């Protein structure tokens, strides 16, 4: 592994969970769990559907509202796929590997660790 | 009411295999009333519903069904299987029933077998369309209304059942139930509902247990060391709530792990839409219960007019693929232009023979995230060419021609005059067969589910 990847891995240790998965063939749902309260509340107050739409190159109307589970420091957001699961041209049939744009967006929102 | 115990031994029949010792132990200790398990998913795409093939290896399916039946039937434990064969259409259900009957013969087991079909005849669906207009209540997840055209082009359509057909079969004395397409949580909720448990609690329990040990954390490393590494979850439900516990002590169902699994594959954290209504989890409480269990209370069932989710697919062509790699800097730098140019030549060469489309997956160069990718320096790109055409013959010929064309394409600045690409396989092109797309993924009101889901009961063994 080169240094670039090691740096990316280290930055993402800030998330306890950062995952994506199909919610039916037409939607992908993203779940994130934060390790500390400050990151969770910062993310929850800043993250908007419009930002998610921009990160995933979908229309703003394709992103559902941001919801949260405070006891878990968890946030969920979902969006409609550009290509349905398993149709020709789709790159990720199960939607299991779509978390990275959100991870990148959140690291920008959160800024360097305090 | 008395407490009811249900065991879910794996997240999916045929998927990596049940840990036999763990199932044996929990049957001995927990004395479950029922073993309830899902066998399918729509996650793997439309091909399986269209082709009638299972998405798990046959020997894995046999392992799981044999492990369950050999232990459950002699002990008088009911067995409920939903979404048989992966997609739950007639061909999938028939294959699973044949395996079940074979196990009964081989092991000398005898039981009352209920088979529940979930196929939706396009004739029946057509009758729901009045004068070419589909009732607006039939809505897709994307908001699209079901059109007559969607119905006409669909080859296979299934409806997703709730607890009703399972409860009916149990009332008729079934010991083993093999069902077509079903809500995964409903398979697990059905025996408790049959015994009078609250559907809100029963469905919520099923929703967390449906993927077996996925709802549990490892206290000590356990799963990577096992070949058959699906670990049963034991659910015990009473009048006020339910307790979830893994069948081995090195795993734990914690309030956090159960909550996280409640969020799995769903767009909503609180509501679960099921055929009979909605499960509201906004007031649910999750409490640690002993060393490795969690007790959950407060989930509520809100009845609504019965509606089922329909899943349908249409055939869109035939596929041939080839993987290659590009390591030459001059070609890596111009890859997009080269692929677009060769694509144009293929259309000119073969366009008169039928329609086809080439889908490029450039691994190492934004294949997975596509437009959402941030740019990175490249040194090597893996290319998967996916040709989908009107016929297998045409897909094959376009793909082969394309492979050699790319190999010797004279792009500007080319210095690799003996050839351009690393070809991965011999034969270079793989013919994959039919390609399907989802044509129907709509919820539809159905006054009587028995109109769609038909049950046959017979003796096996």
Self-check item: Number of the exception - residue B:371 against (1) under 30 Å from residue A:53 (Cβ atoms); (2) modelled with pLDDT of 95 or more; (3) in a helix (DSSP H, G or I)
Solution: (2)
Practice problem: Consider residue B:457 carefully, then state whether it is touching a helix residue (DSSP H, G or I) at 6+ places or on another chain (Cβ under 9 Å) and under 30 Å from residue A:90 (Cα atoms). | Solution: no
Quiz item: Only one of B:93, B:120, B:81 is buried (at least 24 other Cβ atoms within 10 Å of the Cβ), closer than 22 Å to residue B:22 by Cα and under 21 Å from the mean Cα position of the chain (by Cα); which?
Solution: B:81
Exercise. Answer yes if at least one residue in segment B:237-256 is touching a strand residue (DSSP E or B) at 6+ places or on another chain (Cβ under 9 Å), assigned to a helix (DSSP H, G or I), within 30 Å of residue B:444 (Cα to Cα) and within 14 Å of another protein chain (Cβ to nearest Cβ), and no otherwise.
Key: no
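Output the number of residues of segment B:220-248 satisfying the condition of being modelled with pLDDT of 95 or more and under 17 Å from residue B:25 (Cβ atoms).
12
Is there a residue being more than 14 Å from chain A (Cβ to nearest Cβ), farther than 23 Å from residue B:152 by Cα, surrounded by 18 or more Cβ atoms within 10 Å (Cβ to Cβ) and touching a helix residue (DSSP H, G or I) at 6+ places or on another chain (Cβ under 7 Å) anywhere in segment B:412-426?
Yes, there is a match, as at least one residue in segment B:412-426 is more than 14 Å from chain A (Cβ to nearest Cβ), farther than 23 Å from residue B:152 by Cα, surrounded by 18 or more Cβ atoms within 10 Å (Cβ to Cβ) and touching a helix residue (DSSP H, G or I) at 6+ places or on another chain (Cβ under 7 Å).
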Quiz prompt | Answer from A:83, A:48, A:29 - the residue that is more than 7 Å from chain B (Cβ to nearest Cβ) and under 30 Å from residue B:317 (Cβ atoms) | solution = A:83
Practice problem: Say whether the condition of being surrounded by fewer than 24 Cβ atoms within 10 Å (Cβ to Cβ) and out of contact with any strand residue (DSSP E or B) (no Cβ under 8 Å at 6 or more places or on another chain) is met by at least one residue in segment B:180-195. | Solution: yes
Quiz item: Where in segment B:258-363 are there strands (runs of 3 or more DSSP E), lying fully within it, with 2 or more residues that are within 13 Å of chain A (Cβ to nearest Cβ)?
Solution: B:271-274, B:285-289, B:307-326, B:356-363
Practice problem: State all residues of segment B:334-366 that are modelled with pLDDT under 95 and more than 18 Å from residue B:421 (Cα to Cα); if no residue qualifies, say none. | Solution: B:366
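The values are calculated or read from the model by the stated rules, or taken from the named source; none is laboratory data. Since the structure is predicted, the reported quantities are computational estimates derived from the model, not experimental observations. Cβ: placed from backbone, ideal geometry, glycine included. Neighbour counts: every protein chain shown.
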